[in-house]
Every structure is written in structure tokens, then in C-alpha cells.
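Here is the structure we will look at.
The values are calculated or read from the model by the stated rules, or taken from the named source; none is laboratory data. It should be emphasised that the depicted structure is a prediction, and the values quoted were computed from it without experimental measurement. Reconstructed Cβ throughout: ideal geometry from the backbone, glycine too, with neighbour counts over all protein chains shown. Accessible surface areas use protein heavy atoms only, side chains included; no ligands, DNA or RNA. Shrake-Rupley method; radii C 1.70, N 1.55, O 1.52, S 1.80 Å.
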Amino acid sequence: MKTTNLLLGTLREAPADAEVISHQYMLRAGMVRQLARGIYTWLPLGLRVLRKVENIVREEMDRAGAQEMFMPAVIPAELWQETGRWDKYGPDLLRLTDRHDREFCFGPTHEEVITDLVRREIKSYKQLPCNFYQIQTKFRDEIRPRFGIMRGREFLMKDAYSFHLTGDSLQETYELMFQTYSSIFTRLGLYFRAVMADSGNIGGNSSHEFHVLAESGEDCIVFSENGSYAANLERAETMPCTESRPIATQTIDTVDTQNQHSISDVSQFLNIAESQCVKTLIVKGEESLVAMVLRGDHELNHIKAEKLEGVLSPLTFAEEDEIKDSIGCKIGAIGPVGLNIPVYIDHAAGQLADFVCGANKDDKHLIGVNWERDCPLSTTVDIRNVVEGEIAADRSGKLKFARGIEVGHIFQLGDKYSASMKATCLDEQGKSIKLTMGCYGIGVSRIVAAAIEQNHDDKGIIWPATIAPFEVALVPINMHKSQRLRDEVLKLYNELQTAGIDVLLDDRKERPGVMFADMELIGIPYRIVFSEKGLDTGKLEFKARTDSDNSEIELGSVVSFLKKKLENVR
RNA sequence: CGGGGUGUAGCUCAGCCUGGUAGAGCACCACGUUCGGGACGUGGGGGUCGUAGGUUCAAAUCCUGUCACCCCGACCA
């Protein structure tokens, strides 16, 4: 490709509304342009990267024996009604009506469509296990799309669905997909981690996420020192305390705490550590309000909380006046003592003795409170986020935190969809068996953004060679002035193309500085500079995007040199 | 949806407070000089100031509605 034949829409300044680096650079490099909120056009340069990512994903999926297909983006409502997700999925589902007033949605995920297909096509255990995938545009009407391509409403996703007769077979494919995902992200040149995850509203049991580590990541991932434990913060378990609770030394007393509402207010006011206070959060339950009791310095884990019996899902905090009606005080003064609603107590809170809590009377707190003596202690539960430094649930060491961008997610769905959609097939005995399912997603377009978040400097993008839009940039200096230079550059350009190398020749009539800056901004991994001076000596300048200085290379050896550099890309 | 903010040329922004001829830099076009790290000069094209209404002799500017976009909280690849 020559730059004069490429829509090279590089910008010197990033649009003001681009917040994260990947969004800024994708706009500045001319990879994408926004059409509407969370909806983008991929320009030729960006599309080249997207396609390379897509191809790596495709190759590895094929290698793992998955079969590619292509499902419709627009899905009839009936299928979604069959699984109940038409009502459950909520406003993220973009709903459409056709000219006959028939309802459809733009598919945000395709469990229903594939299950419908499989229940029609798969009749015998001999056809199992099977794994189908597609690479397709999805639409999720997210509440808040942000960070450009990273969280768009329309995005490109690889989604795969496997079907099995037994759980063991599912487990086998699940593990194969785990390996496949690891190969994919390795080939993409990304620094990533697989972590245990919550399965969210896709449903199912076992689930892992693949995260690209980057400061701007929206997720917090948690891992132990030796790495054997790794989980999303949403999912990371805390351990029940094994030591026995300290014995009570204080007597319970009521203190005046006027205008002290938050845990930090109260702990400062009473000069007591936050960890010696107890906070009581009130959420909506199925029948009444429900209390969540945590140590003052801990945070409630919403995912864990909404899975508890009697708690409304999605987790919703009680309104101020509901609390007033039910408990009789304001939010800043609630405590577990004498509460007349169901109470869930976190493991760590259950370990406290002589603690401080709200008195369920405005402007009053209790001090010297002890479980059992002053307040019944039910079985404690895990309802908080783990904190950095505590011991991992598998006892493999202290936990560390990192930020991650979720680029892949694999689930064992079990029979969630096959049951409601009656997807069965016959086993060896001719008996009808309900199918067991797995599903495996990769955010293809998100990977492009994640790769930039992880690989950039102040000059622009630094693409891993496997997904760079071009592998080599040829930058001739003053080509328009020298026929000899032009001939030599074109000769090499053709040779590189013949050798199957993705080469971009900057044939614009620009000053060198402009060309250098653009090639660096768009992140081409290797650059070769042509000049009259170089031709005289038979040597060209070579610089990798990551090099700080130029090196020399013989004109005649460029092709073999680059081929060697790019060896492991292919 | 709640809270905050912004809409003026393709991009970055000034002008608005205090109403009176719509601006700058970059980008774009032409010519010339430059030419190994985002050059310079001269000339040029491009904006119903998001949109609708109101106040006024007069609105980018003041008022009201509305829409879009961005940021902060609950969703997810």
C-alpha cells in the first residue's frame, strides 16, 4: 500500500472528548471515527488491524476444531421469549419492530439462535460434542458507552457455543477453549491473565475471564503472589475466619454521635479504628428489607450480596424513607443490634469484639458491642470485596490487585438454554438427553483498543507485529527530486510485497519530519529510510518502533532481514 | 436513570460575563521559497455559532425548551 492511496487521517490533536489513550490514538491515527454514541466507522487503517486480530482468532478457533458459521444479527423476539430473556435482559437489548409489527432484537449474544439451530440439526450423540462460532457485529445498548472502541454499543465479537452429552465432555471442551484463548492472546502479543469470574447474566456455573493488564482497565483483578489464585474482584472469595473471636472486655453503652454519619466520621469522632466499627447496609429484599453487616473498612460485594436468599436481584439499596419506616432512624445510625429484619453478617464482621455500630436511633451509636451477648450472631457469610494483602482463598499467598480489560470470557452454561428451549438428542441407548452447553466470547474490536492501552508511548501506538496494520514503513526522503531514489524504493517495495510482507510506502510529497511522525503515530513496527546519501553507500537506515536509535542495513539484504524479523509473526 | 459539564470551520479553542461587522492556530487549495524530525511567505475556500422558541431596534452573547456529546455512579466482550 502507498500512503497516497490510503485514507491516512492522522490528526495532530486529539478530539477533546477522547479520554483514554487508546481512544485518542485511534482517532489521531485515523483508525476510527464516531458516528453516534458508542458507534464507530472503521477507516481502512483501523480495519486492517481489526482483520488481523480476527484472523488470529479464527485460525486458533479452527485449530481447536470449532466450526465457523454466521448467524443473523436481527433475531425474532419469540426465541428470546422462550428463554425468558426478552423480559429479563432489560434496556440493553435493542428492540426493533418490522413493518408487520413483529418484534425483533439486534442480537447482543446468540445463545438462543444457536440453541434453536442445534435442536433442529443435532439428532444423535454421534454428532457431539460440537463447537460453533461466528465473528459478528453485536449491539448492546449500554447505559454508558465510553472510552471509544473499548466500550462501544456496537462491537465486533467472536462468540462460540459448544454442545455436549455430558458434563465431562463440556469440561474437556472448556479446558480446550481455555488453552485456545491463551494461545490467541499470546499470539496477539498481549500481556494477559486468566481469572475466575462471575458468570453475570449469561448464566451458568464455572466461568473464567481473560484480562489484558492495563492501568485504564475497568475491572479489578486479584491474584496471589505465586499466581495460583486469580479472580475478578467481583468473584474473589474471602475465607471464613478460623481463629476464635476475642473475648468481650467492654460493656455495651450508647454514645451521642450528633452529625457523625459515615464510618470515617464516627471512627474519627470516637477515636476508634474503622476496622473496629461495623457498618450496616440496607438493601431491598423479596419480602422485607435486608441488612448487610460489614466491618467498617470493608466494601460490600454487590454480586455476592444479590445471590443471597431473599435479596432482590439486581441489588438495590433501600430508600431513605423506607429505612425510616422500617428501622426508625436515618442511614448514618443503623446497626445490627435489635434489628427486626433479616441480617447477613460478613465473616470478618462476625470476628469483632467490643465493636462500634449504629444504635438505630438518630445521632446515637453503640460502643463495646459484642456478638451473642448483645446481638444474635447467625452463620456468617462472604459478602465483601477482598482487600489487597489478605490471604488468597486457596492459601497460596497474599493477594495483589491489578487493573484489567476484559477481552475474553468462557462459561460452562450447563442446561440453562437447552432446558428452556428443549434442545435434546438421542444417546447410545436411544434415550433422549438434554444437551449441556458452554459458551466462549472474545471482544475482537475491544482487543484493538486494549492492545493500544498496553503498547504505546508519547509518539503514538506501538503495535505488536502480529496485528500491526503494516509491518514495515518505507520512508524515502526527497523522492520527488530523485529518479534514482524513486526507482530503488519502488523496486524494494515490490520485492517486499512479493515476499508477502505488509509494506506501507510513504510516497507523499512531505517533509521527512511529517512522515516520521505519522509512521510513529500509526505504530508501524519497522521503518526503513531511503536517502540519496544511503544509496551512495549502499546502506539504508533501519529502526524498529521500539528502538531508540537507527541502525544500518545493506540495501541488498533488506528482504531477508525483515523476513527474519517477522519470522514468528506468521 | 441520577449528578456534573460542553456544543462556534475537519481538529484544538478564543469571543459570551458587559448584546452591535464571526475570529486564531492546525488542517485543506494555489503559487513561491524550503526539505533528515510535525517549515515559511503570499493568496484562497470553508461556519444559518447544535436546534426550536422568546426578549430586543439588534442575539454566538440574555431567557426557556429540546437534542447531541463527554465525565462520575449501577451493565458487560
Looking at segment A:110-144, which of the residues that are open to solvent by less than 20 Å² (accessible area, probe 1.4 Å) and within 11 Å of RNA strand B (Cβ to nearest atom) is farthest from A:Pro91 (Cα to Cα)?
A:Glu111
Are any residues in segment A:264-281 open to solvent by less than 40 Å² (accessible area, probe 1.4 Å) and among the hydrophobic types (A, V, I, L, M, F, W, C), and if so, which ones?
A:Val266, A:Cys277, A:Val278
Give all pairs with beta carbons closer than 6 Å in which a residue from segment A:542-568 that is within 18 Å of A:Pro476 (Cα to Cα) meets a residue that is of a type in the set (Gly, Ala, Ser) and open to solvent by less than 90 Å² (accessible area, probe 1.4 Å); count only pairs at least 6 apart in sequence or on separate chains.
A:Phe542/A:Ser551; A:Leu555/A:Gly538; A:Val559/A:Ala499
Of a type outside the set (D, E, K, R) and within 22 Å of A:Asp518 (Cβ to Cβ), is that true of A:Leu96?
no
When both residues are 6+ apart or on different chains and their Cβ atoms are under 7 Å apart, which pairs have a first residue that lies in segment A:464-493 and is on the phi > 0 side of the Ramachandran plot, and a second that is at pLDDT 95 or above and open to solvent by 50 Å² or more (accessible area, probe 1.4 Å)?
none
Among the residues of segment A:167-199, write down those that are farther than 14 Å from A:Leu413 by Cα and of a type in the set (Ser, Thr, Tyr).
A:Thr180, A:Tyr181, A:Ser182, A:Ser183, A:Thr186, A:Tyr191
Looking only at segment A:28-44, decide whether some residue is part of a helix (DSSP H, G or I), away from RNA strand B (no atom under 15 Å from the Cβ) and either touching a residue at least 24 places away in the same chain (Cβ under 8 Å) or over 30 Å from A:Arg508 (Cβ atoms) (or both).
yes
Would you check which residues across segment A:153-176 are open to solvent by 10 Å² or more (accessible area, probe 1.4 Å) and near RNA strand B (Cβ under 9 Å from one of its atoms) and list them?
A:Arg153, A:Glu154, A:Phe155, A:Leu156, A:Met157
What pairs come out if I take residues in segment A:211-222 that are closer than 16 Å to A:Val448 by Cβ and more than 9 Å from RNA strand B (Cβ to nearest atom) and pair them with residues that are among the β-branched types (Val, Ile, Thr) and open to solvent by 10 Å² or more (accessible area, probe 1.4 Å) whose C-beta lies under 8 Å away, six or more apart or interchain?
A:Ser216/A:Val20; A:Ser216/A:Ile21
Is there a residue being in contact with a Gly (Cβ under 6 Å, 6 or more places away or on another chain), hydrophobic (A, V, I, L, M, F, W, C) and open to solvent by less than 80 Å² (accessible area, probe 1.4 Å) anywhere in segment A:295-310?
no
Of those in segment A:543-570 that are open to solvent by less than 50 Å² (accessible area, probe 1.4 Å) and part of a helix (DSSP H, G or I), the residue nearest to A:Glu495 (Cα to Cα) is A:Val559
